[in-house]
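As structure tokens, the structure follows; a few thoughts come after it.
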Amino acid sequence: LTPILQKINQLATKFSIFIGMPGENAKSVLIGKYNNNGNEKEFQKEKKAYLNLCESVGYNIDESIVDSLNVIVDSKKSYNQGIKLYDQGKKRDAVLKFNKVISEDSNFEEAQEYVSTYVESLYKLQQKYIETGKRKKLKKMLKVYDDLNEANVTVLDFNDIYSITSQGYDISELEKHL
């Protein structure tokens, strides 16, 4: 091909790639591929190629899309760290990592299941402490609830429990409400 035809071919290729992956679609495609193969290097390479392509044709990408593409890597790392911590018996620390997994991550539902299971186990333990009169242990549990709240744990059961425990009741009043 002549240099002019090569340039036209190159531009046409860029344009067709560009049309095929605008904004949200690109985010979905790239994150979908990353979710399927889990290869961070490949994801970073494809993300960079897409961003460079957009820049080369003068397309401005919405910053929220770029942020989502950047956050997915941290999300996957948080999930993997959570699994390791959970396997080591450090469930509270694992839950704090699982809570950082974003909804676009293919591990999101599983991470939320770990969080829910942990909150449920806390609730059962809390009930045991109430039934057996272990007030000191119940008081320590309130600190765990505070930590989870500060980490923005958003599991429904936890939000209900925390709304009661954060009312400032003394332990005997808490026993009535819980």
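The values are calculated or read from the model by the stated rules, or taken from the named source; none is laboratory data. Keep in mind the model is a prediction, meaning the values are calculated, not measured. Cβ coordinates were reconstructed from backbone atoms using ideal geometry, including for glycine residues, and neighbour counts include every protein chain displayed. Calculation scope for accessible area: heavy atoms of the full protein, side chains included, ligands and nucleic acids excluded. Shrake-Rupley method; radii C 1.70, N 1.55, O 1.52, S 1.80 Å.
General observations
- Prolate/oblate/rounded label for the stretch 37-86 (Cα gyration tensor, a/c 1.5): oblate
- Take the Cα of residue 51, step 7 Å toward its Cβ, do the same at residue 127, and the gap between the two points is 4.9 nm.
- Surface accessible to a 1.4 Å probe, residue 120 within the full protein complex, Å²: 90
- Computed E for residue 151/residue 87 - FRET, C-beta separation, R0 25 angstrom, nearest 0.05: 0.80
- The accessible-area ordering, largest first, of the residues 108, 43 stands as 108, 43, per a 1.4 angstrom probe.
- Heavy-atom accessible area, probed at 1.4 angstrom with all protein chains present, ranks 5, 138 as 5, 138, highest first.
- In nm, spacing of pseudo-spin labels at residue 28 and residue 66 (7 Å Cα→C-beta vector): 2.3
- Cβ-defined net charge surrounding residue 43, 11 Å radius [Lys, Arg +1; Asp, Glu -1]: +3
- Table column - 3J(HN,Hα) (Hz), the stretch 102-110, Karplus curve with 6.51, -1.76, 1.60, x for Gly and Pro: 8, 5, 6, 6, 5, 8, 4, 4, 5
- Full extension of the chain segment joining residue 42 with residue 135 gains 28.2 nm, where the gain is 0.36 nm per residue of separation less the Cα-Cα distance.
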